[in-house]
1. For E128, work out the one condition from (1) assigned to a helix (DSSP H, G or I); (2) in contact with a Lys or Arg (Cβ under 8 Å, 6 or more places away or on another chain); (3) away from the ligand (no atom under 15 Å from the Cβ) it doesn't fulfil.
2. Are any residues in region 80-117 under 21 Å from A156 (Cα atoms), open to solvent by 60 Å² or more (accessible area, probe 1.4 Å) and at pLDDT 85 or above, and if so, which ones?
3. Pairs under 8 Å by beta carbon, first residue free of Cβ contacts under 8 Å to residues at least 60 places away in the same chain and among the aromatic types (F, W, Y) in region 132-161, partner in a helix (DSSP H, G or I) and surrounded by 19 or more Cβ atoms within 10 Å (Cβ to Cβ), six or more apart or different chains?
4. Any chance region 154-171 includes a residue that's part of a strand (DSSP E or B), more than 15 Å from the ligand (Cβ to nearest atom), closer than 23 Å to D206 by Cα and aromatic (F, W, Y)?
5. Residue check: is R50 closer than 19 Å to L123 by Cα and of a type in the set (K, R)?
6. Out of all the residues in region 177-216, which are near the ligand (Cβ under 9 Å from one of its atoms) and either small (G, A, S) or open to solvent by 70 Å² or more (accessible area, probe 1.4 Å) (or both)?
7. Within region 3-36, can you find the residues that are open to solvent by less than 50 Å² (accessible area, probe 1.4 Å) and either modelled with pLDDT under 90 or not in a helix (DSSP H, G or I) (or both)?
8. So, of the residues in region 136-145 that are open to solvent by 20 Å² or more (accessible area, probe 1.4 Å) and part of a strand (DSSP E or B), which turns out to be farthest from the ligand (Cβ to nearest atom)?
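The values are calculated or read from the model by the stated rules, or taken from the named source; none is laboratory data. Everything quoted here is computed from the prediction, not taken from an experiment. Don't worry about glycine lacking a Cβ; one is built from the backbone with ideal geometry, like all the others, and counts go over all protein chains shown. The accessibility values were calculated without ligands, DNA or RNA, using every heavy atom of the protein model including side chains. Shrake-Rupley method; radii C 1.70, N 1.55, O 1.52, S 1.80 Å.
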Amino acid sequence: MYAVAAPPIGVPADDVVIRPARLSDIEAIVALHREAFADTFGAAFGPRDRERGAQALATGWRRQGPAALRGMLVAEYAGQLIGTTSLRTRDMIGDGGGFAEAAFFETLGVWGALRSLFALSLLDHQIERGEGFIADVAVAPEWRRRGIARALLQRAEDDARARSLTYLGLYVRESNHGARALYERLGFQAMYIRRSLFARLFFGQDGWIYMRKDLA
Ligand SMILES: CC(C)(COP(=O)(O)OP(=O)(O)OC[C@H]1O[C@@H](n2cnc3c(N)ncnc32)[C@H](O)[C@@H]1OP(=O)(O)O)[C@@H](O)C(=O)NCCC(=O)NCCS
């Protein structure tokens, strides 16, 4: 059902598994995100603290336990994590328990933590009732353009329907033409662009486009 379109030669499409994330995936997830979201990590933690920021994130998730990974799906091939996405809902708000924040202060110091938490808060989204908010869409570079993101998003959409959510929403950077093409191909439509002075200072010149797909 979630078979990938063009697996590498010798890899049967069915061998790529889409499943909920587990605590034992945390290191691999953070490694994938550090690479796939290098610009966001760099902006949030500063170029010199990117590595420590990634470790702080992993520590916070580990301490929080399974709730940290609620709604996250991974794509796995032969025991290797090759992609992620998350489907977040309104009832997951406030799940954090302060673990990530505490890990940030321990690892990055007061100013580093405040800077990172402020930068990350600029990407916050108030999830509405009925909305399935999609985040963490990332595929390992050597696996791109093989249908992995499509399969992950299809599974997230199926999960959203099963939870009686009425639409999916997500943010994508204006300059991320590959991801925008992916979402448009899957039926998402651009609704508005979010720009802020601080976001521009931290994350570069462009804004974030909110895209939505109705699940009629
Ligand atoms: C964006 C990303 C998740 C796409 O993952 P992927 O597994 O390569 O995507 P898929 O193979 O499922 O693509 C499905 C369709 O989306 C479109 N698409 C995906 N990536 C594209 C790109 N770079 N350029 C143009 N179209 C693209 C194509 O129509 C593609 O179908 P096709 O290959 O048959 O033409 C991946 O490039 C990535 O991890 N990028 C870095 C992280 C990122 O930007 N995430 C999005 C944050 S909002």
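1. (1)
2. Q80, R88, R90, D91
3. If the second residue must be in a helix (DSSP H, G or I) and surrounded by 19 or more Cβ atoms within 10 Å (Cβ to Cβ), no pairs are left.
4. No, the conditions are met nowhere in region 154-171.
5. Values: closer than 19 Å to L123 by Cα: yes; of a type in the set (K, R): yes.
Spelling it out, R50 is indeed closer than 19 Å to L123 by Cα and of a type in the set (K, R).
6. H177, G178, A179, A181, E184, R185
7. Of everything in region 3-36, those that are open to solvent by less than 50 Å² (accessible area, probe 1.4 Å) and either modelled with pLDDT under 90 or not in a helix (DSSP H, G or I) (or both) turn out to be V4, A6, P7, P8, V11, A13, V16, I18, R19, A21.
8. Taking the candidates together, the pick is D136.
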